[in-house]
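K.L.:
Below you'll find the structure I mean.
The values are calculated or read from the model by the stated rules, or taken from the named source; none is laboratory data. All values reported here derive from a predicted model rather than from experimental measurement. Cβ coordinates were reconstructed from backbone atoms using ideal geometry, including for glycine residues, and neighbour counts include every protein chain displayed.
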Amino acid sequence: MRSPLELVGAQPGPAFTVTLDGREIEALPGQTVAAALWAAGVTSWRGTRGQGRPRGVFCGIGVCFDCLVTVNDRPNQRACLVPLHPGDAIRTQEGTGHDD
Amino acid sequence: MTERAHLAVIGAGPAGLAASVAAAAGGVRVTLLDAAPEAGGQFYRQPAAELRARRPQALHHQWRTWERLREGLRTHVQSGSVRHLTEHHVWCVERNDDGFTVHALLGPEQEEPAEVRADAVLLATGGYEKVLPFPGWTLPGVVTAGGAQAMLKGALAVSGRTAVVAGTGPLLLPVATGLAAAGVDVSALVESASPKSFVRRSRALAAQPGKVAEGAGYAARLLRHRVRLLAGHTIVEAHGTERLEAVTAAALDGAGRVRPGSERRIPCDTLAVGHGMLPHTDLAETLGCGLDGLAVHVDDEQRTDVPGVWAAGETTGIGGAALSLAEGHIAGRSAAARLTGTEPGPGTWAAADRVRTRLRTFFAALDSVYAPPAHWTEQITDDTVVCRCEEVTGGAVREAVAELGAGDPRTVKLLTRAGMGWCQGRMCGPAVAGLAGCGLTPSRRPFARPVPLGVLARAGELDHQ
């Protein structure tokens, strides 16, 4: 399958490792949290406050706040906006993100 | 004062870029503030620099226009007449006795403040997408059409292998062809407008040969990627438990109701859905600018009714990138003339004015063609979540309307919390208004984005030092 990276001839620097709930996943320089999670096949990383329903990216531009995630112990970060750095620890978030 | 007049332009999409270049060329000092790490806005959203894309134009249209804009910005930045502040999320513009203070939050964290003082302000804040709810629209894998495109253009990311693109509006075509070009199998483009409505408006649409050719280009690309076009259809449900597995599409009858028995299930892991665009007007409203309906009211020079405040692009009405460029150019020229104490002559922006008139007429015609199904609220079941943030269902909203007498979104909000969450009603506003049986009205949000209390407490302190 052709990928978006191939389509635009992207030549990013070497991939680095971040963690999702302790599990190692790869990320590319310049990727946001949401992009790296999508690339790893993950589409939800938050349970809603009321019903605990799974959520991930919806608007993709920082307006809807559906893609909230905990990065390096800071809860409620918008995964579609926040870029990743080597060693970042991403944690799925339940409820308000302040409970655990 | 010997220093040149200072104009703050908010938003670095087509309108803001055209305005910045025109204003700088007209002799004023410009500070261009934008939330993104790179200029371009949504239409010319660029891949993150570290991804080092050699052919970003493969995901774009009107790339030569972008190259001209980018070069114009670069020239003026190098000469010092434009200062480009990236990753500045503007949350409020305040009017003072001697000008304006633009309040922003820095970086993706949006915790640290920054303030910019200016003699005048030009709002080019763009728009965001309207999405009407249906059962299953909160499942992971369901994204807005613009969101799918933003993730593709900016992050070079797609959420799956098989997509359906659905809703209504001109945005769906580039989203479908963009995803297909990036290797996603796009099973169908489900557009609720019927082919008949295009024929009815064909004269107004054919008056724009360039736009018709653009449409034909998309049609050819859809064919090439074997994307099935289901016009006069709508999505009635998204299926899945933990994530999207399929959607059900159905045909619409002449009255805009789902035709019984026409339902078909289409397997997919991604649904990109949108029902048109809404202008971002928060900053303008807080400044006290008057609106026409949902858009900022401007005169022929793109001036709002607040002295010293101009507006251009989607914030003054949805009309696409080419119209935004024309409006931005006019606004920048006008601001430069007025701030240097000259009256703009009648021919100052004649060409841009002709483009503006032509495209406004064209988009008014498009607007009457592209429409959600007339009875879209019937697809919202009582257990469909309408307010995604506060998890308020269609049933709860209907109860507030039918049993508690709520007749407008504000009362529904007070009774149910719909629109009270993180997004401040931007996502559910149109649906709540529809369920309450009234039109969407401006929401009057004092701040354009969440602001840490500490920042709010310190705002303006710099002025008093």
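K.L.:
Based on this model, can you work out whether B:Arg354 counts as over 24 Å from B:Val121 (Cα atoms) and out of contact with any His (no Cβ under 9 Å at 6 or more places or on another chain)?
P.N.:
It is true that B:Arg354 is over 24 Å from B:Val121 (Cα atoms) and out of contact with any His (no Cβ under 9 Å at 6 or more places or on another chain).
K.L.:
Residue by residue through the range A:61-89, note down the ones that are in a strand (DSSP E or B), facing chain B (nearest Cβ under 9 Å) and either at positive phi or free of Cβ contacts under 8 Å to residues at least 40 places away in the same chain (or both).
P.N.:
The answer is A:Leu68, A:Arg74, A:Asn76, A:Arg78.
K.L.:
List the residue pairs whose Cβ atoms are under 9 Å apart, where the first residue sits in the range B:431-454 and is within 24 Å of B:Glu391 (Cβ to Cβ), the second is of a type in the set (Asp, Glu) and in a loop (DSSP other than H, G, I, E, B), and the two are 6 or more positions apart or on different chains.
P.N.:
B:Ala433/B:Asp408; B:Ala436/B:Asp408; B:Cys438/B:Asp408; B:Thr441/B:Asp408
K.L.:
Please work out which residue is nearest to B:Thr162 (Cα to Cα), limiting yourself to the range A:1-60 and to residues that are part of a loop (DSSP other than H, G, I, E, B) and among the aliphatic types (A, V, I, L, M).
P.N.:
Within the range A:1-60, the match that is nearest to B:Thr162 (Cα to Cα) is A:Met1.
K.L.:
Quick test of your reading of the structure: B:Leu283 fulfils all but one of (1) within 14 Å of another protein chain (Cβ to nearest Cβ); (2) of a type outside the set (Val, Ile, Thr); (3) crowded, with 24+ Cβ neighbours inside 10 Å. Name the failing condition by number.
P.N.:
(1)
K.L.:
It is to be established whether one or more residues within the range B:213-221 are at negative phi, modelled with pLDDT of 75 or more, away from chain A (no Cβ under 14 Å) and buried (at least 24 other Cβ atoms within 10 Å of the Cβ).
P.N.:
no
K.L.:
Go over the candidates B:Arg29, B:Arg4, B:Arg95, B:Arg45 one by one and state the one that is buried (at least 17 other Cβ atoms within 10 Å of the Cβ), among the basic types (Lys, Arg), touching a residue at least 24 places away in the same chain (Cβ under 8 Å) and closer than 26 Å to B:Pro344 by Cα.
P.N.:
Result: B:Arg29 is the single residue among B:Arg29, B:Arg4, B:Arg95, B:Arg45 that is buried (at least 17 other Cβ atoms within 10 Å of the Cβ), among the basic types (Lys, Arg), touching a residue at least 24 places away in the same chain (Cβ under 8 Å) and closer than 26 Å to B:Pro344 by Cα.
K.L.:
Condition first: without any contact (Cβ under 8 Å) to a residue 24 or more places away in the chain, surrounded by 15 or more Cβ atoms within 10 Å (Cβ to Cβ) and away from chain A (no Cβ under 12 Å). Now tell me which residues in the range B:98-114 satisfy that.
P.N.:
B:Leu106
K.L.:
Could you say whether any residue in the range B:67-80 is under 17 Å from B:Ala22 (Cβ atoms) and touching a Leu at 6+ places or on another chain (Cβ under 7 Å)?
P.N.:
Taking every residue of the range B:67-80 in turn, at least one turns out to be under 17 Å from B:Ala22 (Cβ atoms) and touching a Leu at 6+ places or on another chain (Cβ under 7 Å).
K.L.:
Just give me the residues in the range B:417-428 being surrounded by fewer than 23 Cβ atoms within 10 Å (Cβ to Cβ) and away from chain A (no Cβ under 12 Å), in sequence order.
P.N.:
The one that is surrounded by fewer than 23 Cβ atoms within 10 Å (Cβ to Cβ) and away from chain A (no Cβ under 12 Å): B:Met420.
K.L.:
Quick check on the range A:26-48. Is at least one of its residues more than 30 Å from B:Arg417 (Cα to Cα), more than 11 Å from the chain's Cα centre (by Cα), more than 7 Å from chain B (Cβ to nearest Cβ) and of a type in the set (D, E, K, R)?
P.N.:
Yes, the conditions are met somewhere in the range A:26-48.
K.L.:
Right, next: Please pick out the residue among B:Asp367, B:Asp408, B:Asp383 that is closer than 23 Å to B:Thr125 by Cα, surrounded by fewer than 18 Cβ atoms within 10 Å (Cβ to Cβ) and out of contact with any Phe, Trp or Tyr (no Cβ under 9 Å at 6 or more places or on another chain).
P.N.:
Only one candidate passes the filter, namely B:Asp367.
K.L.:
Here's something else I'd like to know. Given the structure, is B:Glu38 free of Cβ contacts under 8 Å to residues at least 40 places away in the same chain and either assigned to a loop (DSSP other than H, G, I, E, B) or in contact with a Leu (Cβ under 9 Å, 6 or more places away or on another chain) (or both)?
P.N.:
Spelling it out, it is not the case that B:Glu38 is free of Cβ contacts under 8 Å to residues at least 40 places away in the same chain and either assigned to a loop (DSSP other than H, G, I, E, B) or in contact with a Leu (Cβ under 9 Å, 6 or more places away or on another chain) (or both).
K.L.:
For the range B:1-22, name all the residues that are in a helix (DSSP H, G or I) and within 14 Å of B:Gly80 (Cβ to Cβ).
P.N.:
Matches in the range B:1-22: B:Ser20 only.
K.L.:
Could I ask something else about it? Could you grab the pairs with beta carbons closer than 7 Å, sequence gap of 6+ or different chains, first residue in the range B:212-233 and farther than 19 Å from B:Ala249 by Cβ, second one exposed (fewer than 15 other Cβ atoms within 10 Å of the Cβ)?
P.N.:
B:Val212/B:Ala206
K.L.:
Considering only the range B:314-421, give the helices (runs of 4 or more DSSP H) lying wholly within it that have at least 2 residues that are in contact with a helix residue (DSSP H, G or I) (Cβ under 8 Å, 6 or more places away or on another chain) and under 30 Å from B:Gly27 (Cβ atoms).
P.N.:
In the range B:314-421, the matching helices (runs of 4 or more DSSP H) lie at B:320-339, B:350-369.
K.L.:
With respect to B:Gly126, determine if the residue is more than 14 Å from every other protein chain (Cβ to nearest Cβ) and on the phi > 0 side of the Ramachandran plot.
P.N.:
no
K.L.:
Could you list, in sequence order, all residues of the range B:166-176 that are within 14 Å of chain A (Cβ to nearest Cβ) and in a strand (DSSP E or B)?
P.N.:
Across the range B:166-176, the qualifying residue is only B:Gly167.
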